[in-house]
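Data block below; observations after.
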Amino acid sequence: MKKIILLYFVPLFIVLFCFFKFSDKINSVFFDQEQNAAVDPSFNCIANFGNSPYYEDQFLNTSDSNETIFILGSSELAPETEAHPYNFISTHFKTKLKGVGHAGNQCFSIYSQLLANEKRLKNAPIVIVLSPGWFSEYAKGTSSSIFLEFNSSRFLTRIFQNKTLPEFKAYEAKRISDLYTEFSNADLILTMFYLEAQASKNIFFKAFYFPIIETIKVLNTLKLDLKKSNYKETTSVNRKTIVAESVTINWDSLFVSAKQQQISNSNNNKWFIENGYYSEHVNGKTRTIPLVNDDVNQELKDLKMLLKLLKTKEVNASFIMLPLSPYCYTNTKELTPLITAINNELKNNNFPCLNLWQDDSINFDNGILSDVMHLSKYGWYKADKFIVETYKLSK
């Protein structure tokens with residue numbers, strides 16, 4: 001082995017170092033040059049980080065004087081209304097709330113974002129919106145393309161270099177390995193995670209992949225050196241105490257007016273679905289939600305690891321479980337045992353949850369959805385009240 005290292009790998013390392021260190025032109029070919037996209041410094045909600053160092057640095061950060069709550073989810077966070085928490089809370093309270101997410105931002109994507117920022121997790125106020133569809137129709141988990149929208153090489157490098165959370169890093173590697181064949185032109189950090197996952201399988205794989213991993217580590221170190229400004233370490237933040245304000249909100253009035261508005265916007269059907277959506281996507285047709293066994297439900301496995309990370313890092317986390325329309329979906333009762341199990345898991349970990357799930361059309365809160373699975377303004381006001389009470393924003 002020593003002879004192989006001396007005769008092959010040492011010269012290879014030297015050549016690669018010179019090759020990438022001193023040739024900007026070659027470096028631009030092998031390491032994609034990132035574009036500095038325009039940012040909104042006062043953003044309330046972003047669809048994804050857009051590979052922006054600014055947005056990534058603001059993630060789980062606080063303002064100079066007040067705490068910031070973050071709400072994470074998928075398509076539920078848009079289209080925005082005045083009732084969405086990132087608008088409603090930020091308008092009425094000194095404590096601000098920012099949103100991150102769009103369709104497909106599921107448990108593993110969120111897990112990875114949080115793991116990359118583990119120095120900021122302790123006591124961080126984070127609300128996570130769970131959709132039942134994640135654990136049924138999309139039970140395969142976060143897709144490779146969505147994962148990369150929220151987890152840049154900056155984030156992934158932080159996780160790879162983290163030596164304090166080996167169990168969580170190993171899960172990251174395992175899940176990236178699952179997705180690896182779907183990545184187009186996977187960069188160095190994705191390849192490193194993939195190879196580490198392969199090497200962990202047995203001692204023979206470990207011996208085989210060791211020199212390859214070490215070579216790629218050198219290349220990645222060069223990449224970081226060449227792009228120092230884009231690969232800063234995450235700084236920890238001093239979490240602020242949320243001070244309850246003397247803000248009075250007439251919730252009942254908000255609920256009544258918003259519910260009436262939703263019902264009036266749904267007058268071409270008896271399912272309380274907004275007219276335009278009903279005509280285009282439903283038009284009286286019922287459907288069933290796919291049922292997936294727990295042992296092959298990747299999204300459920302990702303959720304359990306996410307909860308373990310939140311518990312380990314003492315995150316001030318809470319959850320919102322959304323409903324599905326029991327008028328449109330005819331088998332919602334069959335999904336109830338899974339939703340109940342998830343809520344019990346949250347309860348066992350002492351994470352507050354606003355559980356809006358209801359499988360019975362007789363008892364369903366009509367008007368809480370704008371379509372078959374996304375909250376209406378009435379539904380979001382319910383979420384706002386939950387957040388205000390959970391994080392004690394008002395006296």
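Read-outs: derived from the displayed coordinates by stated rules, not from any lab. If you're wondering where the values come from, they're calculated on a predicted model, not measured in any experiment. In this analysis, Cβ positions are derived from the backbone assuming ideal geometry, glycine residues included, and neighbour counts consider all displayed protein chains.
Annotations for the structure displayed:
- The string of couplings for the range 277-292 from the Karplus curve (6.51, -1.76, 1.60, θ = phi - 60°) is 5, 4, 5, 7, 10, 10, 6, x, 8, 8, 8, 10, 8, x, 10, 10 Hz, one whole number per residue in order, with x for Gly and Pro.
- Helix 188-199 axis, angle to the chain major axis (alpha carbon atoms, nearest 10°): 80 degrees
- Beta bridges by DSSP in the chain, antiparallel share as percent, to the nearest 5: 5 percent
- Amide proton proximity set for GLY99, modelled H, under 5 Å, gap of 5+: CYS45, ILE46, ILE71
- Each residue, ILE263 and SER42, gets one label point 7 Å from its Cα in the Cβ direction; the gap between the two is 3.8 nm.
- Between ASP295 and LYS122, the modelled labels are 4.1 nm apart [label points 7 Å from Cα along Cα→Cβ].
- R0 of 30 Å, Cβ-Cβ distance LYS174-THR288: FRET efficiency to nearest 0.05: 0.40
- Nearest 10 degrees, 0 to 90: helix 107-116 Cα axis against the chain principal axis: 50 degrees
- Computed from Cα atoms, the angle from the helix 298-312 axis to the main principal axis of the chain rounds to 80 degrees.
- Between PHE210 and LYS311, the C-beta separation translates, for a Förster distance of 35 Å, into a calculated FRET efficiency of about 0.55.
- Between the amide H of ASN355 and those of MET321, distances stay under 5 Å, these residues lying 5 or more places away or on another chain, with hydrogens modeled in the peptide plane.
- Entry note, the chain: relative contact order of 21 percent, from Cα contacts under 8 Å with a spacing of 6+ residues.
- Segment ASP365-VAL256, extension gain: residue separation times 0.36 nm, minus the distance between their alpha carbons: 38.0 nm
- Listed pairs LYS174/LYS347; LYS122/LYS333; LYS311/LYS377; LYS163/LYS382 exceeding 29 Å between Cα atoms: LYS122/LYS333; LYS311/LYS377; LYS163/LYS382
- Using a simple spin-label model with pseudo-atoms 7 Å out from Cα toward Cβ, LYS392 and LYS140 lie 4.5 nm apart.
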